[in-house]
Amino acid sequence: MAARGRKGHQARAAADARPVSVSGAIPTPVSYTCAVETGSIDEKQQQVVLERADMKQIVTPPPMLNSARVLEYAILDESVSYSGHSSLFVDGKELGPVPCLAIGQVKNDTEVLLLHCAGDWTVLGTAGYPSVSDAKKRAEGIYAGVSTRWIEAHVTEEEAARYLNESWGDQRCSFCGKTPEQVGHLISKNNVCICDSCIAEFHQEVFAPPSASGGG
């Protein structure tokens, strides 16, 4: 039996405030990989050398990352220097330098997300900010020079919704049709899925007290 949902699908936190761990990222059909050489921060005077492949090999991110519509993205090249600290913790460890960043927003959420990504756009960690400018300011604090690397994604809400719907495939409630990011939990067994909302509704119907019978 497997349980999935928005709560488990994307955990996020402010990079300067509290730890964050991310799991269950939507797979993306990308084969590009980027090697990262971290070395010793002390020996390199807090400068981290990022070994990156030819820029032409890097593809653009998918329309959505961790249920967030991509607004802008940045591919970090040799012009960008790592500060030595991300202040973003995943599984108790501080996340090191990454080759790609993206700024996205989950539908109906007021905050935006700064997504730290691997070369194939797998999300390694996220942090929430009040605005795009705040997210960019924080990114610049971690990666000096990234301000010149941002590219607008031009992803419409319709494109994002279509991509997300296709990505989930059959991973949706068999009763109401909602996908994991639309519910708290999605439980699956024997090729049948049910969400927490439908469970609550069925529970209420099954255990509801019998209606009062008529009569005098």
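Please treat every number below as a calculation from the coordinates, not as lab data. Computed from a prediction, not measured in an experiment: that's the story for all the values here. Ideal geometry is used to build each Cβ from the backbone, glycine not excepted, and the neighbour counts take in all protein chains shown.
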How long is the gain from THR110 to THR156 if the chain were fully straight, where each residue apart is worth 0.36 nm and the alpha carbon distance is subtracted? 14.9 nm
Paramagnetic reach from CYS176 (point 7 Å along Cα→Cβ, amide N under 18 Å) across the stretch 183-213: 183-189, 192-208
Taking a crude spin-label model, label points 7 Å out from Cα along the C-beta direction, the LYS137 to SER87 distance in nm is 1.2 nm
Restricting to Cα pairs below 8 Å that are 6+ residues apart, what does the relative contact order work out to for the stretch 55-140? Please round to a whole percent. 25 percent
Exposure proxy check on VAL132, VAL206: fewest-to-most Cβ neighbours within 10 Å is VAL206, VAL132
The long-range amide H neighbours of PHE175, using H built 1.01 Å from N in the peptide plane and a cut-off of under 5 Å, are CYS195
